[in-house]
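Asks: The structure that follows is given in the form of C-alpha cells.
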Amino acid sequence: MDHAVDRARDLFDQLDAAAAATPAGEPVPRSSVDAIIEAGVHAVSVPRDVGGLELPLSEAIDVWAELSRADGSTGWCAFAADITAAYFGAYLPDDGAATVFADGVPVMAGQFAPNGTAAIDGTDLVLNGDYQFGSGIAHASWVGAGVLAGPDAAEYLFTCFPAEKAELRGNWDVLGLQATASYDYGVRDVRVPRCHSFDFFAPKVHRGGPMYTLGVLPITAAGHSGWALGVTRRALDELAALATDTTRMGASSSLAESERFLHEYGTLESRYLAGRAWIHELLVDAEAQAARDGGIDVTTANLLRQACVHINRGGADIAREAYLLAGTRALRDGPLQRAFRDLHAGSQHFFASPASTIDLARSLLTP
C-alpha cells in the first residue's frame with residue numbers, strides 16, 4: 001500500500017499544475033490520465049487476475065485521496081474509472097473479461113442508473129438509453145450503462161461496450177468538478193454480448209478476493225469517500241498555508257496568531273480526522289466480515305454508505321468554513337476556491353444524499 005500511496009503522492013505537482021492550466025469547460029488533460037496509468041495507480045481496486053493491484057479498500061481510498069488532493073476533477077475521474085473496472089473485472093464471466101481486459105485495465109466511464117433498456121436477441125443485448133454524468137468519458141476506451149433487460153424489465157444489468165459506440169452530447173457547464181467532462185451520452189441500438197454484463201442485485205464474483213462480495217454500492221461509497229477526503233485535505237492545507245501571511249482588515253495580527261482562527265482551524269481538522277478514521281475502521285471491519293461470512297450484512301453496508309454521506313457533506317461544510325476564514329484571499333481563483341466548488345458539487349451526488357442516512361436508521365431500528 002505504501003508504495004502505491006507514495007506513487008500517487010509523487011504526482012501531486014504534475015496533476016496540480018495541469019489542473020490549474022486547464023481552461024474552464026475542458027476535460028482533465030490526457031497527460032494527467034496517462035501519468036496516473038504510468039505510475040501504476042489507475043487500477044488499485046481492480047482484481048489482480050485482470051491486471052489490477054487489488055488493494056484492500058481501506059488502502060485504496062488513500063490512493064484516491066492523494067490523487068484528489070492534487071485536483072478534485074482528476075481524482076474523481078480516477079476513482080470512478082478504477083471502481084468501474086473493479087466491477088467488471090470481478091463480476092464479468094471469463095469470456096467477457098477476456099475481451100474487456102485484453103490489453104490491460106482500460107479507462108472506463110459511464111452512468112449505471114437504469115436509464116436504458118436491453119432487448120434480448122440470442123446471446124446479445126440490444127441497448128437503448130439516455131445517460132448523464134459520464135465522468136471521465138472523454139478519455140474512456142470502454143463505456144458502461146445500466147439497463148433494465150427483457151420484455152418485463154425483470155433484470156437490472158450493468159453493461160459495457162467500446163466507447164466509440166456511445167454518442168457524446170456534452171452538456172457539462174457546472175459549478176464544480178468542471179474538468180470531469182461528465183457528459184450526457186446516448187446509446188442507440190448498441191449490440192452487446194451478454195457476457196459483457198452482470199446482474200446488479202446478484203453479482204457473481206468470478207475473480208478476486210472477498211472484497212468484491214461487498215457489492216456495487218459499498219465499493220462505490222468507498223470511492224466517493226476517498227475522493228472527499230482528498231479534496232477536504234487540500235482545502236485545509238491551503239487554509240493553513242495562507243494563515244501566516246493573511247491579516248483580516250482591522251486585525252492586529254495574522255490569522256495564525258488569532259485564537260479565534262486557531263480554535264476554528266483545530267475544530268475543522270478534528271472533524272476531518274474523525275471522518276477519515278471512521279471510514280477506515282468501517283472498511284477494515286467490512287472486509288473482515290466479508291472474508292469470514294462471504295459477504296456483509298445490511299447494517300454494515302448502510303454504515304459504509306452513511307460514512308460516505310458524512311464525509312462528503314462534512315467536507316463541503318469544512319470547505320465553506322475554510323473559505324470564510326480565508327476572507328478575500330478565497331475570492332481569487334486558486335486551489336482553495338476549486339476545492340470549495342468541487343466539494344459542493346460532490347455533495348449533490350446520490351452517494352451524498354439523505355437516502356443512505358434513512359436506510360441506516362431503519363436498519364439500526366429493526367430488531
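The values are calculated or read from the model by the stated rules, or taken from the named source; none is laboratory data. Just so it is clear, the model here is predicted, and its values are computed rather than measured. Ideal geometry is used to build each Cβ from the backbone, glycine not excepted, and the neighbour counts take in all protein chains shown.
Asks: Whether any residue in the stretch 203-220 is at pLDDT below 95, more than 19 Å from residue 314 (Cα to Cα) and outside the structural domain of residue 147 (by TED's automatic domain parsing) is what I want to check.
Replies: no
Asks: May I ask you to list the residues in the stretch 93-111 that are touching a Ser or Thr at 6+ places or on another chain (Cβ under 8 Å) and within 24 Å of residue 58 (Cα to Cα)?
Replies: Result: 106, 107, 108, 109.
Asks: Could you tell me whether any residue of the stretch 161-170 is within 30 Å of residue 333 (Cα to Cα) and crowded, with 22+ Cβ neighbours inside 10 Å?
Replies: Looking for residues that are within 30 Å of residue 333 (Cα to Cα) and crowded, with 22+ Cβ neighbours inside 10 Å, one finds none in the stretch 161-170, hence no.
Asks: So, residue 356, is that one touching a Lys or Arg at 6+ places or on another chain (Cβ under 7 Å), under 28 Å from residue 261 (Cβ atoms) and not assigned by TED's automatic domain parsing to the domain that holds residue 174 or not?
Replies: So residue 356 does not fit the description; no.
For every residue, the table says whether it meets (1) part of a loop (DSSP other than H, G, I, E, B); (2) within 21 Å of residue 312 (Cα to Cα); (3) outside the structural domain of residue 176 (by TED's automatic domain parsing).
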| position | (1), (2), (3) |
| --- | --- |
| 6 | no, no, yes |
| 27 | yes, no, yes |
| 31 | no, no, yes |
| 37 | no, no, yes |
| 54 | yes, no, yes |
| 61 | no, yes, yes |
| 67 | no, yes, yes |
| 78 | no, yes, yes |
| 90 | no, no, yes |
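Asks: Still on this structure, I have one more. Starting from residues that are of a type outside the set (A, V, I, L, M) and surrounded by fewer than 17 Cβ atoms within 10 Å (Cβ to Cβ), keep the ones in the stretch 15-31 and report whichever is nearest to residue 334 (Cα to Cα).
Replies: 23
Asks: Residue 347 - would you say it is more than 23 Å from residue 255 (Cβ to Cβ), in contact (Cβ under 8 Å) with a residue 24 or more places away in the chain, among the hydroxyl-bearing types (Ser, Thr, Tyr) and touching a helix residue (DSSP H, G or I) at 6+ places or on another chain (Cβ under 6 Å)?
Replies: yes
Asks: Next up: Within the bounds of the stretch 244-256, is there any residue that is of a type in the set (Val, Ile, Thr), closer than 12 Å to residue 319 by Cα and either assigned to a loop (DSSP other than H, G, I, E, B) or touching a residue at least 24 places away in the same chain (Cβ under 8 Å) (or both)?
Replies: No: the stretch 244-256 contains no residue that is of a type in the set (Val, Ile, Thr), closer than 12 Å to residue 319 by Cα and either assigned to a loop (DSSP other than H, G, I, E, B) or touching a residue at least 24 places away in the same chain (Cβ under 8 Å) (or both).
Asks: Only one residue in 359, 333 is surrounded by 14 or more Cβ atoms within 10 Å (Cβ to Cβ) and at negative phi. Which one?
Replies: Within the list 359, 333, the selection yields 359.
Asks: Would the stretch 226-238 turn up any residue that is touching a Leu at 6+ places or on another chain (Cβ under 9 Å), under 30 Å from residue 162 (Cβ atoms), crowded, with 17+ Cβ neighbours inside 10 Å and outside the structural domain of residue 127 (by TED's automatic domain parsing)?
Replies: Scanning the stretch 226-238, I find at least one residue that is touching a Leu at 6+ places or on another chain (Cβ under 9 Å), under 30 Å from residue 162 (Cβ atoms), crowded, with 17+ Cβ neighbours inside 10 Å and outside the structural domain of residue 127 (by TED's automatic domain parsing), so the answer is yes.
Asks: Quickly run through the stretch 8-25 and pick out the residues that are in contact (Cβ under 8 Å) with a residue 12 or more places away in the chain and part of a loop (DSSP other than H, G, I, E, B).
Replies: Matches in the stretch 8-25: 11, 22, 24, 25.
Asks: Next up: What single numbered condition from (1) crowded, with 24+ Cβ neighbours inside 10 Å; (2) in a helix (DSSP H, G or I) fails to hold for residue 97?
Replies: (1)
Asks: Can you give me the number of residues within the stretch 34-59 that are surrounded by fewer than 22 Cβ atoms within 10 Å (Cβ to Cβ) and closer than 30 Å to residue 171 by Cβ?
Replies: Residues meeting the conditions: 3.
Asks: Identify all residues within the stretch 209-235 that are among the small types (Gly, Ala, Ser) and over 12 Å from the mean Cα position of the chain (by Cα); write none if there are none.
Replies: 209, 215, 235
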